[in-house]
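Student: My questions all concern the structure below.
The values are calculated or read from the model by the stated rules, or taken from the named source; none is laboratory data. These numbers were taken from a predicted model, which means no experiment stands behind them. Glycine gets a Cβ as well: all are built from the backbone with ideal geometry, and neighbour counts include every protein chain shown.
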Amino acid sequence: MKKTLSSFALFVFSLSLCLVLTYASDLDLTGTWKGSTVVPDQGVDELTLVIEKEAGEYSATLSDSLGMLTDTECEDIEFKEGTLTFNVTISQGYDSFTVWMNLDVEGDKMSGYWETGDGDQGEINLERVK
């Protein structure tokens, strides 16, 4: 009886894992995502993330309403286990800095946070619009 129950539990676990992995690999992030964040000392910043997929690889650009990002290429894009990570480099005159993004994807919504090297951070919420 114990062996049958253990075998059944192992089967259910394996099936569940396969379904989760299949769902995550089939999830397509392409499209236009819009949302907002709050930037310290600047206020609310409206964001537009455009994601494309070619030859199995994602590419993306990010723009914002404060004018710091205008179709800025996202770098080091990785989508793994339902989490999208990437970074963007913001150039302001002679200075530039990197912002790291970490977003959990659930259907047509992404939420997470951004962070800079000097410790600034904020929440991000995006929704696919097309």
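Student: When the residues of segment 36-80 are narrowed to those that are polar (S, T, N, Q) and closer than 18 Å to Ser111 by Cα, which ends up surrounded by the most Cβ atoms within 10 Å (Cβ to Cβ)?
Tutor: Thr37
Student: Let me ask you something else. Which of the numbered conditions does Thr83 fail, given that it passes all the others? Conditions: (1) at pLDDT below 95; (2) surrounded by fewer than 15 Cβ atoms within 10 Å (Cβ to Cβ).
Tutor: All conditions pass for Thr83, except number (1).
Student: Those residues that are without any contact (Cβ under 8 Å) to a residue 24 or more places away in the chain and outside any strand (DSSP E or B), I need them from segment 94-130; list them, please.
Tutor: Listed by number, the residues that qualify are Tyr94, Gly107, Asp108, Gly117, Asp118, Gly119.
Student: Looking at segment 69-92 only, could you name the residues that are of a type in the set (A, V, I, L, M) and touching a Ser or Thr at 6+ places or on another chain (Cβ under 8 Å)?
Tutor: Those that are of a type in the set (A, V, I, L, M) and touching a Ser or Thr at 6+ places or on another chain (Cβ under 8 Å): Leu69, Ile77, Val88, Ile90.
Student: What number of residues in segment 59-83 are of a type outside the set (Asp, Glu), farther than 25 Å from Gly43 by Cβ and part of a strand (DSSP E or B)? It would help to see each step written out before you state the result.
Tutor: We begin by selecting, within segment 59-83, every residue of a type outside the set (Asp, Glu); these are 59-63, 65-70, 72, 74, 77, 79-80, 82-83.
Add one more test, that the residue is farther than 25 Å from Gly43 by Cβ, and what stays is 59, 77, 79-80, 82-83.
When the remaining residues are screened for being part of a strand (DSSP E or B), the result is 59, 77, 79-80, 83.
Here the count works out to 5.
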